[in-house]
There are 2 protein chains.
Amino acid sequence: MTLHTWQLQAQKGKAILDNSIPKQWLIPVDQLPAADQLNVEDFPRKSGLFSAEELRITEMSASALLAEMGAGKLTAEEVVVAFLKRAVLGHQLLNFATEFMAERAISRAKQLDEHYKQTGKLVGPLHGVPISVKEHIGIKGLTCNTGYVAWVDQIATEDALLLQLLEKAGAVFHVRTNQPQSLMHLCCSNNITGTTLNPYNRNLTPGGSSGGEGASMGFKCAPLGIGTDIGGSIRCPAAFCGAYGFRPSSLRNPMNGLKSAASGQESIKAVVGPLASQSIEDLELFQSAVIDQEPWETETSLVPLPWKRVTPTKDITIAIMWDDGCVRPHPPMTRGLKHAKARLEAAGIKVVDWEPYRHDHGWEIISTLYYPDAALVQYQAIAKSGEPILPLSQWAFSYGRARGLSIAENWEFNKMREAFRDEYRALMNERGVDFILSPSFNGVAAVLGESHYWNYTAIWNVLDLPSVVFPTGLVQDAALDPVEESAFQARGEAEAREWAKYSAGADRYHGAPISLQLAGRRYHDEETLAAAKLLVGIIKTDG
Amino acid sequence: MTLHTWQLQAQKGKAILDNSIPKQWLIPVDQLPAADQLNVEDFPRKSGLFSAEELRITEMSASALLAEMGAGKLTAEEVVVAFLKRAVLGHQLLNFATEFMAERAISRAKQLDEHYKQTGKLVGPLHGVPISVKEHIGIKGLTCNTGYVAWVDQIATEDALLLQLLEKAGAVFHVRTNQPQSLMHLCCSNNITGTTLNPYNRNLTPGGSSGGEGASMGFKCAPLGIGTDIGGSIRCPAAFCGAYGFRPSSLRNPMNGLKSAASGQESIKAVVGPLASQSIEDLELFQSAVIDQEPWETETSLVPLPWKRVTPTKDITIAIMWDDGCVRPHPPMTRGLKHAKARLEAAGIKVVDWEPYRHDHGWEIISTLYYPDAALVQYQAIAKSGEPILPLSQWAFSYGRARGLSIAENWEFNKMREAFRDEYRALMNERGVDFILSPSFNGVAAVLGESHYWNYTAIWNVLDLPSVVFPTGLVQDAALDPVEESAFQARGEAEAREWAKYSAGADRYHGAPISLQLAGRRYHDEETLAAAKLLVGIIKTDG
């Protein structure tokens, strides 16, 4: 049997992963759950493989870990080792990593502990906090393949600026995480390290493109992670995996040193941002640690807006968008919104309905502007190795115009985008709405390979609004969220397709977290996170 | 004799101008200077056509006018009438207007006076300040032709956002000003209203593309004017005409309602900004009046940076760039810089030399990104009417690549631009330089039709640095600035061409103002204007 050239190349990437796994924490296969066990999220607790202290550490927020490290109750080494151990198990169950960095992480943690021992102080606001990192965020001396087989040999020549800043703040990077071919699936499959699974239901995707991060957060392999988002790629993985994820406004977090086939494309700006396994506070912690370092002094395209400290206030108006006017959400999402509405009203917060404004138009703009070159750069990156094009890559590219855009047409779409942004803002002002609460996706986590519609998140990309997802604490349940067949008239092909997925069986989505999304005004990142913190306190339930 | 269709169309635009001229202030031709009199800048004072009060008013800054209007010593009507009278004469001598708006300006001034009479207060920070406006900045109900014959019939449906804000602040718009075909000359000629001249020497251009504004400022037809700048189009006209001009960082002043063939082009962002006939303070006044109104609430692409009040400080380092490494400045510019250096050092300000960093590379980026479509949109706008393409349009378009760029190539240039910006900033930080002082052009005002090189200004566009030009008070003088022939070895075609223009006769530039330019860090607009205010106080001489 002969392997294709691309397969040999892909094996190199897989070997990097395999060689990096710290073997001491690998669990023998016979102690792992059966392959057909869907929910593995609670396996660490049920398996008996972790000490009480390891479980306690890995289920703490970054803020709580910092408090204990600052008080000398925990060392950075203990912390990173606990998360590494959990991450190795997570990888065995979910295939979420592309490369472990155990030795350097432990060595770095030891340095931090030494600093603390000598000075009695933490080095910075993220001292000893383990952070998982999406693979296409460059790390000096390591591969940066961005999900393309052809790029496996491409080695980053320096750390991404964001990582430099986080490291100065004390962060410890212990594992790099998986992403789909082309970065353009809301799913997480590539021809190098394969497919990542959802910890709540292994028939489901952890989302994408930061799918490895979604799994990392859902399985608590780190309190914080870093993803990127041009249509939902931070928020969907966080939402699908019951975690927290924040898409900042563009031009706030530094992008230098991130790799993408379409870099230089500026009509729809990709952003990098945090995911957190435990809390909105941790997202704020991440943002302030980065922006307090004034990254615009180095990456001059960033806007020099300091990170404001905003106290949550109940004096806000939340508008609930029940439906985006194009694709009706599946029953559990509507249940989640009803739950939220009841709790918010009971807490005395003003809640109104949000009539969506031309979300189909927004989708036309963003889906066209993803690929003004008819996805040529992505096709070329795939073709370079000869690797097969994956179905969801093909699906994503098909959203672009077959012949692409001329330069002048690209400019016309830029103008449409700006007009749409201004109109949407005017509408929020006119309606007196501070934040829009909506489903994070048209359903809970999609079945593997079935992430086809993402305008519940992409709408905030085309509008460039800061948006954050969070779990309600509710999970999908066929008894509570039965299939609704009667009298449903799809408004179009997309809605018919998406609704049919749920009609095919509510049990397909069993146990998936029900997550919601909050969007605020452009550059009101701080206010949006503060409001989300308030909302989570009110909405989130323990069962 | 038959006129071409385009000529009939052009005549419509010319008729709009002619019909708008307030006839009561037209000076009989026999009282005007002879057509071959080059300097007409001092004609208002020497002619006896203006009262002492009219001269006093029209030679005051906006700030000074506001003080007198606020104290009830002047009415807005007196002010606008004096400037209108001066503007009509200016137009007769320089052909700088495209449309007068005398009636509405006077009516508006009367309303302001009524408000003051009733309340004892000014309506806002620009109460009664006449402002001239470049033609392609839309005014509701009026033509907006942008220098294209084909667009003469295009009527703006609303006022540009910037004008709405200025009007709220109390400004009075009394005259619209000329621009070149395509907006891409540093000169000011089109096939509708013709060619605008420089008040200091009518063989010279007032610069462009905001050439009408340059003439308006130089002849004191308004204390403030509004231009636009994508390569020097505010700064060159201000510099050529002995006035002040400010190019803000991009995304600070609102662009909605400005017309351009290439709108939607975002790789090199055009900006709109003020010119002033009297002072840097007036530029600050304009900026604060606009940005204090938070234009980002309406035009959401703007960055929400409030306008800071910055006090000038002598604790700064000024680096002088004597030469951009590509095209050596003409002798008067070097004399201007030497004068500045001596005065700054005498005033105790730290002055160092600035070694330019790859300005040729900067020019390659910006000149390519002006026309990624091979100037197709401009060619089409010209071709639509069949008007002749002017030599400087052809010249400007020839800077683009003949076949344009593919979408992916455009992205590559975007990346080059970002890298160049970051490298340049790093260099300023590394060298401890706060501001760069340089010539505003490779010479004083160009001879009509000879504006061919503009990288002394465009470099700050590609880098997106705020930059301001101001007069030194010196003027070109063949005796002081003789032709230097000996041992000059041009570094390339552009330098040979530009140097030959001066060698052809120093007397060609007689009496043209010697202006300098100060650039600061991106988004440090306030600090840059504050520093320029300090510098003008030190450098500017009365002769």
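Would you check if residue B:442 is polar (S, T, N, Q) and more than 14 Å from chain A (Cβ to nearest Cβ)?
Numbers: polar (S, T, N, Q): yes; more than 14 Å from chain A (Cβ to nearest Cβ): yes.
Spelling it out, residue B:442 is indeed polar (S, T, N, Q) and more than 14 Å from chain A (Cβ to nearest Cβ).
Rundown of residues vs (1) more than 30 Å from residue A:532 (Cβ to Cβ); (2) part of a helix (DSSP H, G or I), yes/no style:
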{"site": "A:355", "(1), (2)": "no, no"}
{"site": "A:368", "(1), (2)": "yes, yes"}
{"site": "A:387", "(1), (2)": "yes, no"}
{"site": "A:396", "(1), (2)": "no, yes"}
{"site": "A:411", "(1), (2)": "yes, yes"}
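Looking at the range B:26-69, which of its residues are in contact with a Gly (Cβ under 8 Å, 6 or more places away or on another chain) and either open to solvent by 60 Å² or more (accessible area, probe 1.4 Å) or over 19 Å from residue B:225 (Cα atoms) (or both)? Steps first, please.
Here is the first cut: in the range B:26-69, the ones in contact with a Gly (Cβ under 8 Å, 6 or more places away or on another chain) are B:38-39, B:41, B:65-66, B:69.
Matches in the range B:26-69: B:38, B:39, B:69.
Taking the criterion of being open to solvent by 60 Å² or more (accessible area, probe 1.4 Å), without any contact (Cβ under 8 Å) to a residue 40 or more places away in the chain and among the β-branched types (Val, Ile, Thr), would at least one residue in the range B:1-17 satisfy it?
Initially, the range B:1-17 is screened for residues open to solvent by 60 Å² or more (accessible area, probe 1.4 Å), giving B:1-5, B:8, B:11-12, B:14.
Those still in the list that are without any contact (Cβ under 8 Å) to a residue 40 or more places away in the chain too: B:1-3, B:8, B:11.
Still in the running and among the β-branched types (Val, Ile, Thr): B:2.
Yes: the range B:1-17 contains one or more residues that are open to solvent by 60 Å² or more (accessible area, probe 1.4 Å), without any contact (Cβ under 8 Å) to a residue 40 or more places away in the chain and among the β-branched types (Val, Ile, Thr).
In this structure, is residue A:446 of a type outside the set (Val, Ile, Thr) and in contact with a helix residue (DSSP H, G or I) (Cβ under 8 Å, 6 or more places away or on another chain)?
On the way: of a type outside the set (Val, Ile, Thr): yes; in contact with a helix residue (DSSP H, G or I) (Cβ under 8 Å, 6 or more places away or on another chain): yes.
Answer is yes for this residue.
For the range B:300-328, what are the residues that are of a type in the set (Ser, Thr, Tyr) and within 14 Å of chain A (Cβ to nearest Cβ)?
Restricting attention to the range B:300-328, the residues satisfying the condition of being of a type in the set (Ser, Thr, Tyr) are B:300-301, B:311, B:313, B:317.
B:300, B:301, listed by residue number.
Quick grid of which residues meet (1) surrounded by fewer than 16 Cβ atoms within 10 Å (Cβ to Cβ); (2) within 14 Å of chain B (Cβ to nearest Cβ); (3) in contact with a Ser or Thr (Cβ under 7 Å, 6 or more places away or on another chain):
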residue	(1), (2), (3)
A:376	no, yes, no
A:379	no, yes, no
A:390	no, no, yes
A:399	no, no, yes
A:414	no, yes, yes
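Based on this model, can you work out whether residue B:515 counts as among the polar types (S, T, N, Q), buried (at least 24 other Cβ atoms within 10 Å of the Cβ) and either out of contact with any strand residue (DSSP E or B) (no Cβ under 7 Å at 6 or more places or on another chain) or modelled with pLDDT of 95 or more (or both)?
Working: among the polar types (S, T, N, Q): yes; buried (at least 24 other Cβ atoms within 10 Å of the Cβ): yes; either out of contact with any strand residue (DSSP E or B) (no Cβ under 7 Å at 6 or more places or on another chain) or modelled with pLDDT of 95 or more (or both): yes.
Here the answer is yes, as residue B:515 does meet what is asked.
Any residue at all in the range B:280-302 that is surrounded by fewer than 18 Cβ atoms within 10 Å (Cβ to Cβ) and among the aliphatic types (A, V, I, L, M)? Explain how you work it out, then say what you get.
Of the range B:280-302, the ones surrounded by fewer than 18 Cβ atoms within 10 Å (Cβ to Cβ) are B:281, B:292, B:294, B:297-298.
Filter again for among the aliphatic types (A, V, I, L, M), leaving none.
The answer is no; no qualifying residue exists.
Of everything in the range A:224-259 that's outside any strand (DSSP E or B) and closer than 24 Å to residue A:152 by Cβ, which residue is nearest to the other protein chains (Cβ to nearest Cβ)? Full working, then the answer.
Step one: filter the range A:224-259 for residues outside any strand (DSSP E or B), giving A:230-243, A:248-257, A:259.
Next, only the ones that are closer than 24 Å to residue A:152 by Cβ stay: A:230, A:233, A:237, A:255-257, A:259.
On the way: A:230: 14, A:233: 19, A:237: 26, A:255: 9, A:256: 7, A:257: 11, A:259: 12 Å.
Going through the qualifying residues, I end up with A:256.
State whether one or more residues within the range A:485-498 are among the hydroxyl-bearing types (Ser, Thr, Tyr), more than 14 Å from chain B (Cβ to nearest Cβ), farther than 30 Å from residue B:301 by Cβ and not in a helix (DSSP H, G or I).
Within the range A:485-498, the subset among the hydroxyl-bearing types (Ser, Thr, Tyr) is A:486.
With the extra rule that they be more than 14 Å from chain B (Cβ to nearest Cβ), the set shrinks to A:486.
Checking which are farther than 30 Å from residue B:301 by Cβ leaves us with A:486.
Next, only the ones that are not in a helix (DSSP H, G or I) stay: A:486.
For the range A:485-498, residues among the hydroxyl-bearing types (Ser, Thr, Tyr), more than 14 Å from chain B (Cβ to nearest Cβ), farther than 30 Å from residue B:301 by Cβ and not in a helix (DSSP H, G or I): present.
With the structure loaded, tell me whether residue A:224 is on the phi > 0 side of the Ramachandran plot, within 14 Å of the chain's Cα centre (by Cα) and crowded, with 24+ Cβ neighbours inside 10 Å or whether it fails that test.
Values: on the phi > 0 side of the Ramachandran plot: no; within 14 Å of the chain's Cα centre (by Cα): yes; crowded, with 24+ Cβ neighbours inside 10 Å: yes.
Judged against the criteria, residue A:224 is not a match.
For the range A:333-350, state whether one or more residues are touching a His at 6+ places or on another chain (Cβ under 9 Å), surrounded by 19 or more Cβ atoms within 10 Å (Cβ to Cβ) and not hydrophobic (A, V, I, L, M, F, W, C). Full working, then the answer.
Here is the first cut: in the range A:333-350, the residues touching a His at 6+ places or on another chain (Cβ under 9 Å) are none.
No, that holds for no residue.
I'm trying to understand the selection: among the residues of the range B:422-475, which are of a type in the set (Asp, Glu), in a loop (DSSP other than H, G, I, E, B) and open to solvent by 10 Å² or more (accessible area, probe 1.4 Å)?
B:434, B:450
Being assigned to a helix (DSSP H, G or I), within 28 Å of residue A:107 (Cβ to Cβ) and not polar (S, T, N, Q), is that true of even one residue in the range A:193-213?
First pass over the range A:193-213, keeping only residues assigned to a helix (DSSP H, G or I): A:211-213.
Remaining after also requiring within 28 Å of residue A:107 (Cβ to Cβ): A:212-213.
Pick out the ones that are also not polar (S, T, N, Q) and you get A:212-213.
There is at least one residue in the range A:193-213 that is assigned to a helix (DSSP H, G or I), within 28 Å of residue A:107 (Cβ to Cβ) and not polar (S, T, N, Q).
Which pairs do you get when a residue that is over 17 Å from residue A:525 (Cβ atoms), found in the range A:424-443, comes within reach of a residue that is among the β-branched types (Val, Ile, Thr) and in a loop (DSSP other than H, G, I, E, B), reach meaning Cβ atoms under 7 angstrom, with the pair 6+ apart or on two chains?
Matching pairs, first to second residue: A:442/A:327.
Would a scan of the range B:74-97 turn up a residue that is without any contact (Cβ under 8 Å) to a residue 40 or more places away in the chain and surrounded by fewer than 16 Cβ atoms within 10 Å (Cβ to Cβ)?
No: zero hits.
Quick check, is residue A:221 more than 14 Å from chain B (Cβ to nearest Cβ), in a helix (DSSP H, G or I) and in contact (Cβ under 8 Å) with a residue 12 or more places away in the chain? Can you show your working first?
Working: more than 14 Å from chain B (Cβ to nearest Cβ): yes; in a helix (DSSP H, G or I): no; in contact (Cβ under 8 Å) with a residue 12 or more places away in the chain: yes.
For residue A:221, the condition - more than 14 Å from chain B (Cβ to nearest Cβ), in a helix (DSSP H, G or I) and in contact (Cβ under 8 Å) with a residue 12 or more places away in the chain - is not met.
Inside the range A:260-299, can you point out the residues that are more than 11 Å from every other protein chain (Cβ to nearest Cβ), part of a loop (DSSP other than H, G, I, E, B) and out of contact with any helix residue (DSSP H, G or I) (no Cβ under 6 Å at 6 or more places or on another chain)?
A:270, A:278, A:279, A:292, A:294
Of all residues in the range A:173-192, which are open to solvent by less than 10 Å² (accessible area, probe 1.4 Å), more than 18 Å from residue A:100 (Cα to Cα) and not in a loop (DSSP other than H, G, I, E, B)?
A:181, A:182
With (1) assigned to a loop (DSSP other than H, G, I, E, B); (2) out of contact with any Ser or Thr (no Cβ under 8 Å at 6 or more places or on another chain); (3) open to solvent by 60 Å² or more (accessible area, probe 1.4 Å) as the list, and residue B:508 as the residue in question, which single condition is left unmet?
(1)
Residues of the range A:297-348 being touching a Phe, Trp or Tyr at 6+ places or on another chain (Cβ under 6 Å) and free of Cβ contacts under 8 Å to residues at least 12 places away in the same chain, which ones?
Across the range A:297-348, the qualifying residue is only A:304.
Residue by residue through the range B:363-372, note down the ones that are more than 18 Å from residue B:181 (Cα to Cα) and either of a type in the set (Val, Ile, Thr) or within 14 Å of chain A (Cβ to nearest Cβ) (or both).
B:365, B:366, B:368, B:369, B:372
Limited to the range A:524-543, what total is found for residues that are open to solvent by 10 Å² or more (accessible area, probe 1.4 Å) and within 14 Å of chain B (Cβ to nearest Cβ)?
Pass one, the range A:524-543, residues open to solvent by 10 Å² or more (accessible area, probe 1.4 Å): A:524, A:527, A:533-534, A:536-538, A:540-543.
The next check asks that each one be within 14 Å of chain B (Cβ to nearest Cβ); those that pass are A:524, A:527.
Count: 2.
For the range A:233-278, what are the residues that are surrounded by fewer than 23 Cβ atoms within 10 Å (Cβ to Cβ) and within 23 Å of residue A:537 (Cβ to Cβ)?
A:278
Name the pairs: first residue in the range A:260-280 and on the phi > 0 side of the Ramachandran plot, second residue modelled with pLDDT of 95 or more, Cβ to Cβ under 7 Å, at least 6 apart or on different chains?
Pairs found: A:264/B:411; A:264/B:412; A:264/B:414; A:264/B:415.
Is at least one residue of the range B:322-333 of a type outside the set (Phe, Trp, Tyr), in contact with a Cys (Cβ under 8 Å, 6 or more places away or on another chain) and within 29 Å of residue B:508 (Cβ to Cβ)?
Checked against the condition, which is being of a type outside the set (Phe, Trp, Tyr), in contact with a Cys (Cβ under 8 Å, 6 or more places away or on another chain) and within 29 Å of residue B:508 (Cβ to Cβ), the range B:322-333 yields no hits at all.
Select, from A:104, A:86, the only residue that is closer than 27 Å to residue A:289 by Cβ and touching a Cys at 6+ places or on another chain (Cβ under 6 Å).
Working: A:104 fails: touching a Cys at 6+ places or on another chain (Cβ under 6 Å).
Residue meeting the stated conditions: A:86.
The values are calculated or read from the model by the stated rules, or taken from the named source; none is laboratory data. Just so you know, these numbers come straight off a predicted model, no measurement behind them. All Cβ positions, even for glycine, are placed from backbone atoms using ideal geometry, and neighbour counts span all protein chains on display. Quick note on the areas: whole protein, heavy atoms, side chains included, nothing else; ligands and nucleic acids left out. Shrake-Rupley method; radii C 1.70, N 1.55, O 1.52, S 1.80 Å.
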